[in-house]
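Reviewing the structure listed below.
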Amino acid sequence: MKKKVILFLFLVLTIHNIKAMTFELFKLPYATDALAPVISQQTIELHHGKHLLAYVTNLNNLIKGTKFENSTLEEIVINSDGPIFNNAGQVWNHEIYFATFSAKGGGEPTGALAEAIKASYGSFEDFKKEFSAASVSLFGSGWAWLVQDKAGKLSITKESNAGNPLKSGMTALLGFDVWEHSYYVDYQNRRADHINALWSIIDWKIVESRYSK
Ligand code: MN
């Protein structure tokens, strides 16, 4: 009798483990009101709790019964297109985005990343200007990225919709979400003001950790 119970438990656990992968909502490393007034609690609750959650839910539903059912998020972003890519891309992008901020953020990067920015853009201020301009001038919904290519070179890219550096084989160091849902409640049409304020909540230690010499 005991043996049968153990066998039953073993089977239940095995079936549970081979069940398709489901993605979960990224857990914020800060309270929802921690980034205010740069990003209000209401915006965080909508952006993370509603928009990002919807991408996660859509992705889980869309991959059911497809070849992506047991893939990692990175594998899906790289190999998918259409609605699966749009949702997977947005899940990946927002994890980078939300992880970048801290209530104690701001200032400038240090060490190797600071040197690389200086070598590519002249100064941190010039880099900031160029990155802000890319964010403000991006037409419609999308992302501005600071990326590192395989040779180590930094560049600023603009991507529409769910576009990201992972898809093009580059490393994402910093990403600004310029979809209206990221700022409209707090800044309405003033995207430039929102972008300008974001610099004060960037945790450069996190950004530096994504950079490899
Ligand atoms: Mn967003």
Original post:
Cα-Cα over 21 Å: which of Lys27/Lys67; Lys27/Lys50; Lys104/Lys150; Lys129/Lys158; Lys128/Lys205?
Top reply: Lys27/Lys67; Lys104/Lys150
Original post:
At what distance in angstrom do the alpha carbon centres of region 37-54 and region 172-213 lie from each other?
Top reply: 14
**OP:** Give a residue-ordered list of calculated ³J(HN,Hα) values for region 179-194 (Karplus: 6.51 cos²θ - 1.76 cosθ + 1.60, θ = phi - 60°; whole Hz; x for Gly, Pro).
**Re:** 4, 4, 4, 7, 9, 5, 4, 8, 10, 6, 7, 8, 4, 4, 5, 5
**OP:** Compute the label zone of Ser120 within region 145-161: residues whose backbone N is under 16 Å from the point 7 Å along Cα-to-Cβ.
**Re:** 145-159
**OP:** Enumerate the amide H contacts of Leu174 below 5 Å, restricted to partners 5 or more residues apart or on another chain; note that Pro and chain-start residues carry no placed amide H.
**Re:** Leu146
Subject >> region 97-205, accessible surface, carbon-and-sulfur percent (1.4 angstrom probe) >> reply: 52
Subject >> Loop trypsin sites (Lys or Arg not before Pro), region 63-156, which have at most 12 other Cβ atoms in a 10 Å radius of their Cβ (DSSP) >> reply: Lys64, Lys67, Lys104, Lys150, Lys153
Original post:
What ³J(HN,Hα) values, in whole Hz, does the Karplus curve 6.51 cos²θ - 1.76 cosθ + 1.60 give for region 26-31 when θ = phi - 60°, with x put for Gly and Pro?
Top reply: 4, 8, 5, x, 8, 6
Subject >> Residue-normalised accessible area of the chain, expressed per residue, 1.4 Å probe, Å² >> reply: 54
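The values are calculated or read from the model by the stated rules, or taken from the named source; none is laboratory data. All figures in this text were calculated on a predicted structure; none of them were measured in a lab. All Cβ positions, glycine included, derive from the backbone under ideal geometry; neighbour counts span all protein chains shown. The area values use the complete protein model at the heavy-atom level, side chains included, leaving out ligands, DNA and RNA. Shrake-Rupley method; radii C 1.70, N 1.55, O 1.52, S 1.80 Å.
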